[in-house]
Structure formats: structure tokens, C-alpha cells
Amino acid sequence: VQLQASGGGLVQPGGSLRLSCAASGSIHPTNVMNWYRQTPGSQRELVAAITNRGETTYADFVKGRFTISRGLAKNTVYLDMNSLKPEDTAVYYCHYYSDYQIESAWGQGTLVTVSS
């Protein structure tokens, strides 16, 4: 499976941004797609997750501000980020895994900078 992430950039505090992640290759119909983020010197942390059935999970620090969703084709995942804060600044990575496949996949990362 290959993942292509896009949509990062510079945004002011309080602003919004949408990240996209397109999956291709041997995608199993039963899968989970996630968004993680990482700042320098910190571990990668889970931001949000969505199953193939549309069930979602969010980290407490983004609840009520971020929304994860899938496109109609199910192989594209979005992360709508609202009310962005400077502490949301990080490289965001999309991630794919399936319990029916040995290897998971990571996207290349997209930088989100929240600054005035």
C-alpha cells in the first residue's frame, strides 16, 4: 500500500486546514486509516483514526476541533482541522493498517505550521 499525503501549510491561529491522504495498491477492504503527528524531539502521536465502517477515534487534544472522514471511494482520508493552535504545529503523517495484512504503510508527512 502506498500513501500520498497533501494539504499542509502555514495558517494563522484560529484558522482551518484540510489534509488529504490517498491510498493506493493492495488495500484490504477491512482497514483502519490514521493521522499521526510529530514535533522535533517528540514521539509520533495519534491524532485521529477511522475504520472502513466509518467509526472514528480522536485524541483528547483535538476533540471538537478536528474531523477525520473518508472520501466516497473510501481510499482517501481527510483531516479537517479547525480552530488551529500554535501547539498543533507538527508534521502530520497518514497511516494505514489492516489486521489481514502483515505490513502497514506510512505517508511521507506534511508540515502544518500554525503561526501569526
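The values are calculated or read from the model by the stated rules, or taken from the named source; none is laboratory data. On a predicted model such as this, the values are computed, not experimentally measured, just so you know. Note that each Cβ is placed from the backbone with ideal geometry, even for glycine, and that neighbours are counted across all protein chains shown. We work out accessible area using only protein heavy atoms, side chains counted, and drop any ligands, DNA or RNA first. Shrake-Rupley method; radii C 1.70, N 1.55, O 1.52, S 1.80 Å.
A few points about this structure:
- Residues in region 68-79 carry Karplus couplings, in order, of 9, 8, 10, x, 4, 7, 6, 9, 10, 10, 10, 10 Hz; the curve used is 6.51 cos²θ - 1.76 cosθ + 1.60 with θ = phi - 60°, and Gly or Pro positions show x.
- Unit charges on C-beta of K, R, D, E only; dipole of the chain, Debye: 220 debye
- Remark: region 31-36, residue by residue, has Karplus-estimated 3J(HN,Hα) of 8, 10, 10, 10, 10, 10 Hz, where x stands for each Gly or Pro and the curve is 6.51 cos²θ - 1.76 cosθ + 1.60 at θ = phi - 60°.
- Under a Gaussian network description of the chain, with springs only between Cα atoms under 10 Å, the residue in TYR100, TYR92, TYR78 that fluctuates furthest is TYR100.
- 1.4 Å probe accessible area per residue over the chain, in Å²: 54 Å²
- Other residues whose C-beta falls under 13 angstrom from the C-beta of ALA23 contribute a net charge of +2, scoring Lys and Arg +1 and Asp and Glu -1.
- Comparing SER26, SER16, SER104 in a Gaussian network model of the chain (Cα springs below 10 Å), the most mobile by mean-square fluctuation is SER26.
- Relative contact order, percent, region 6-65 [alpha-carbon distance under 8 Å, six or more residues apart]: 21 percent
- In order along region 42-49, the Karplus-derived 3J(HN,Hα) couplings, from 6.51 cos²θ - 1.76 cosθ + 1.60 at θ = phi - 60°, round to 10, 7, 5, 10, 6, 9, 7, 9 Hz, and Gly and Pro are given as x.
- Among 34-40, 6-12, the order from most to least packed when residues are scored by Cβ within 10 Å on average: 34-40, 6-12
- For region 1-58, the square roots a ≥ b ≥ c of the C-alpha gyration tensor eigenvalues yield an a/c of 1.5 or more together with a/b exceeding b/c, which makes the shape prolate.
- As a fraction of the 1.4 Å probe accessible area of the chain, surface on carbon and sulfur atoms comes out at 49 percent.
- Mean separation of Cα pairs under 8 Å and 6 or more residues apart, divided by the residue count, gives the chain a relative contact order of 37 percent.
- Full extension of the chain between ASN82 and ILE102 yields a length gain of 3.8 nm, computed as 0.36 nm times the residue separation minus the alpha carbon distance.
- For the chain, the fraction of C-alpha pairs farther apart than 25 angstrom is 17 percent.
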